[in-house]
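Nothing in this text is a laboratory measurement; each read-out follows from the coordinates by a stated rule. Because the structure is a prediction, the values reported are computed rather than measured. Positions of Cβ are backbone-derived with ideal geometry, glycine not excepted, and every protein chain shown enters the neighbour counts.
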Amino acid sequence: MKKVLITGTGSYIGTSVEKYLNRPEYAGMYQVNTVDMIGDGWKEKDFSGYDVVFHVAGIAHADISHVTEEQKKLYYRVNRDLAVSTAKKAKREGVRQFIYMSSIIVYGETTSIRKERVITKDTKPHPTSFYGDSKWKAEQKLTPLGDENFHVAILRPPMIYGEGGKGNYQTLKKIAMKVPVFPDFPNRRSMLAVENLCEYVRQLIEEGKGGVFFPQDLQYVKTAEMVKKIAAENGKAVHLIKGFNWGIRLAGHVPGKIGGMANKAFGSLIYDHSLE
């Protein structure tokens, strides 16, 4: 039986993985516990005896244009410093594997409707926000901790979607619930269903290995398809039309907020399928 400790009580990803590992078909295979990382109480938690620490505690992506300097510092204290402190404790107390939830955000948030961004094994991380940088800085400090007795696995998933999803998923859901039609623009995005993430984590736990990993769904998705899918799941119909595509292409060339929103919504960002 694999003993798994998930950091971050009540987190969307942590709760999803906990429920997944506790499914009847995996009865007797996993013992899953969680620990609250708010405050210093977690430091008294005994990590010895656990095979895996799955670290999901962190500050999620937010509206980075409306934060104070002190809030920015908090991102680094939580997403970087807390992760590193947790990993060091896990290593000291004999845990064999540490899994860190990073993000595709370490490659930057820039997308364009004019040119598809394809991330390959040769693409170097280049964060464009303090949120992405806090994740990247954590990776840089976590990686050297790995050795033959302590395997550090870093996950860089794209947008994770599923009922109850956070961040950009909620933005798409709001759009899907309000509009009767949506532009059928031919962009491509790497995405990841939360259940597929859970299975990926389960397999990684079974293998016990370290490294950098790029979980994604087998098929790329366009923004329009995702909006239509979310609407259907909530009992609403959204019709996709191509008539607005010329306007989207034009908007993508407009400087400032309009161009930024068009490129963010309809730009293409994918992981090459050679990554795993």
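Annotations
- Full extension of the chain between D147 and D40 yields a length gain of 35.8 nm, computed as 0.36 nm times the residue separation minus the alpha carbon distance.
- Once backbone amide H atoms are built at 1.01 Å from N, F54 has L5, I6, T7, I99 as its partners under 5 Å, excluding neighbours fewer than 5 places away on the same chain.
- A DSSP coil position with no more than 15 other Cβ atoms inside 10 Å describes the following trypsin sites (Lys or Arg not before Pro) in the range 197-276: K209, K236, K242.
- Taking 0.36 nm per residue of separation and subtracting the current Cα-Cα distance, fully stretching the chain between E195 and N234 would add 12.2 nm.
- With eigenvalues of the C-alpha gyration tensor scaled by 5 and rooted, the range 212-276, Å: 24, 20, 10
- Geometric extent, Cα atoms of the chain - Rg, Dmax (angstrom): 19.6, 60
- Sequence ranges 105-114, 145-154, ranked by mean other-Cβ count within 10 angstrom, highest first: 105-114, 145-154
- Mean ellipticity per residue at 222 nm, deg cm²/dmol - from DSSP H runs of n ≥ 4 across the chain, formula -39500 (n - 2.57): -10000 deg cm²/dmol
- Residues I119, I248, sorted so that the one with the fewest Cβ neighbours within 10 Å comes first: I248, I119
- 10 Å-binned pair-distance histogram of the range 1-144 (Cα, whole percent): 10, 36, 32, 17, 4, 0
- Once the chain from D272 to T120 is taken as fully extended at 0.36 nm per residue, the excess over their C-alpha distance is 54.2 nm.
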